[in-house]
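Engineer: Below is a structure I'd like to ask you about.
Values in this text are rule-based calculations from the coordinates and carry no lab data. Quick caveat, the model's predicted, so the values are computed rather than measured. Don't worry about glycine lacking a Cβ; one is built from the backbone with ideal geometry, like all the others, and counts go over all protein chains shown.
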Amino acid sequence: MAYRFLIVGAGVAGASAAARLAPLGATLVLEAEDQPGYHATGRSAATYIDTYGAPTVCAATRASRSFFWSPPQGFADHALVRPIPELCLARPEQADALAAHLATHPDLRPLGAAEIRRMCPILRSEVDWSGALNDRVAELDVDAILQGYLKLARAAGADLVTGARVAALAPRPGGGWRVATAAGGFEADVVVNAAGAWAGEVGRLAGLGDLGLTPLRRTAIRIDPAMRAEQVRRVAHRWAGLRTFAPDRVPVVGMDPRADGFFWLAGQGGYGIQTSPALSETAAALINEGRLPQALRAEGVSEADLGPGRFL
Ligand SMILES: Cc1cc2nc3c(=O)[nH]c(=O)nc-3n(C[C@H](O)[C@H](O)[C@H](O)COP(=O)(O)OP(=O)(O)OC[C@H]3O[C@@H](n4cnc5c(N)ncnc54)[C@H](O)[C@@H]3O)c2cc1C
């Protein structure tokens, strides 16, 4: 069957792109696993931190804020965010890095050792901590966000096929792409590569290389609250997942200049959930109008900052 848009991957990147593209034309999402969100999206630490990452990433995070705090009607039946302040800590030998962080984000509140220990009594008392408090941070309900995007996409007519790992991609004579999967063959005018840790592999399948996209393993731990350092005796929960980075640690969002109709939406690193509203809006605006949405332009971001051309 022929579609206008074919999205490879049903993590947060593919699902959010489907929600934005489906109103513009027939949209298909192909997912290798039996369910959406099984890989990086299901393993995130679920936080929104607007001071995390390179300036372009911070801009995309800020441009995503209003979506999470005021999602579209019917997106979810409860709040997507739970505000929770972030305490950024530095040991004495990290004081220069903290000073640079505070200079980049002057609205953060610097904290001294006594205040830090009062807020977080489990820290070692012999260390002379310094730090910064960010009270705009929130926990995100990632499952509600993913399901909300999929709901929007389905409501606009998108199809989702699971168990459909893309194994081959070939340009169609006259434009567009033919895609082969275990679940059959499909055609589309535009392929959106939102394959997370496999985005480089999908690029190679299309004959375009991997742009240097590299999946890196990240382990997260969660400990139970405790009143003193000695009381932290066990890790309550520990998990790992792959965060995929472009060489400059900024996501790759843009049409490949070498191949008409091949669009990259990859390399979201450790920020793919918190930037998903702005980056999916960017994908749809670039595909449909060839320019960034106003929210990112207002932040001073250009097409070149995000596009794949910076690695070619
Ligand atoms: C430990 C950890 C903590 C993190 N914490 C945060 C955080 O606090 N905040 C934040 O914003 N981000 C965080 N992240 C990053 C975030 O999880 C990712 O940036 C985001 O989930 C990437 O989404 P994605 O859709 O690109 O990738 P994925 O969720 O991996 O989705 C890609 C999908 O593509 C499918 N696929 C791959 N190849 C094919 C193929 N050939 N055919 C069909 N389908 C294919 C895969 O099966 C997968 O479902 C964290 C990540 C990790 C690992």
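Engineer: Any idea which of LEU123, HIS105, LEU89 is furthest toward the positive side of the dipole for segment 85-136, if Lys and Arg beta-carbons carry +1 and Asp and Glu beta-carbons -1?
Structural biologist: In segment 85-136, that residue is LEU123.
Engineer: If you project the alpha carbons of segment 85-136 onto their three principal axes, what span does each projection cover, largest first, in Å?
Structural biologist: 29, 24, 12
Engineer: Diagonalise the Cα gyration tensor of segment 1-153 and give the resulting equivalent ellipsoid semi-axes, square root of 5 times each eigenvalue, largest first, whole Å.
Structural biologist: Here the semi-axes work out to 38, 15, 15 Å.
Engineer: Let me ask something else. In Å, the Kirkwood hydrodynamic radius of segment 184-261 over pairs of distinct alpha carbons?
Structural biologist: Evaluated on segment 184-261, it is 15.8 Å.
Engineer: Work through the residues other than ARG243 whose Cβ is under 11 Å from its Cβ and net out their charges, Lys, Arg +1 and Asp, Glu -1.
Structural biologist: Summing Lys and Arg as +1 and Asp and Glu as -1 gives +4.
Engineer: OK, next. Based on the Cα gyration tensor of segment 140-196, what are the three equivalent ellipsoid semi-axes, each the root of five times an eigenvalue, rounded to whole Å and given largest first?
Structural biologist: Result for segment 140-196: semi-axes of 26, 13, 11 Å.
Engineer: Now, a different point. Give the share of C-alpha pairs in each 10 angstrom bin for segment 2-86, from 0 to the last occupied bin, in whole percents, shortest bins first.
Structural biologist: With 10 Å bins starting at 0, P(r) equals 14, 37, 39, 9, 0.
Engineer: Shifting gears a bit: Post the alpha-carbon centroid distance, segment 26-76 to segment 249-312, in whole angstrom.
Structural biologist: Measuring centre to centre over Cα atoms gives 14 Å.
Engineer: Taking the number of other C-beta atoms within 10 Å as the exposure measure, put TRP239, TRP264 in order starting with the fewest.
Structural biologist: So the residues, fewest neighbours to most, are TRP239, TRP264.
Engineer: Which whole-number percent gives the relative contact order of the chain, counting Cα pairs below 8 Å spaced six or more residues apart?
Structural biologist: RCO, the chain: 25 percent.
Engineer: Can you tell me what the convex hull of the Cα atoms of segment 237-283 projects to on average, as an area in nm²?
Structural biologist: 4.3 nm²
Engineer: Using θ = phi - 60° and the Karplus form 6.51 cos²θ - 1.76 cosθ + 1.60, what ³J(HN,Hα) does each residue of segment 164-177 get, whole Hz, x for Gly and Pro?
Structural biologist: Going residue by residue, I get 10, 5, 6, 10, 8, 9, 9, x, 8, x, x, x, x, 9 Hz, with x marking Gly and Pro.
Engineer: Around VAL29, which amide H atoms from residues at least 5 apart in sequence, or from another chain, sit under 5 Å from its own amide H, with H modelled in the peptide plane?
Structural biologist: ILE7, ASP159, LEU160, VAL161
Engineer: Give me the percent relative contact order of segment 233-312, please, defined on Cα pairs under 8 angstrom at least 6 residues apart.
Structural biologist: Relative contact order of segment 233-312: 31 percent.
Engineer: Please compute the contact order of segment 85-136 in relative form: average sequence separation of alpha-carbon pairs under 8 Å and at least six residues apart, divided by the residue count, as a percent.
Structural biologist: It comes to 58 percent, rounded to a whole number.
Engineer: In whole Å, largest first, what are the principal axis extents of the Cα atoms in the chain?
Structural biologist: Projected onto its principal axes, the Cα set of the chain covers 68, 36, 36 Å.
Engineer: Provide the net charge surrounding GLU201, with neighbours chosen by a C-beta distance below 12 Å and charges set as Lys +1, Arg +1, Asp -1, Glu -1.
Structural biologist: +1
Engineer: Quick one: net charge of GLY184's neighbours, Cβ under 13 Å, K/R +1, D/E -1?
Structural biologist: 0
Engineer: Follow-up question, since we're still on this one. Under the rule of at least 5 residues apart or a separate chain, name every residue whose amide H is placed under 5 Å from the amide H of LEU108.
Structural biologist: The answer is none.
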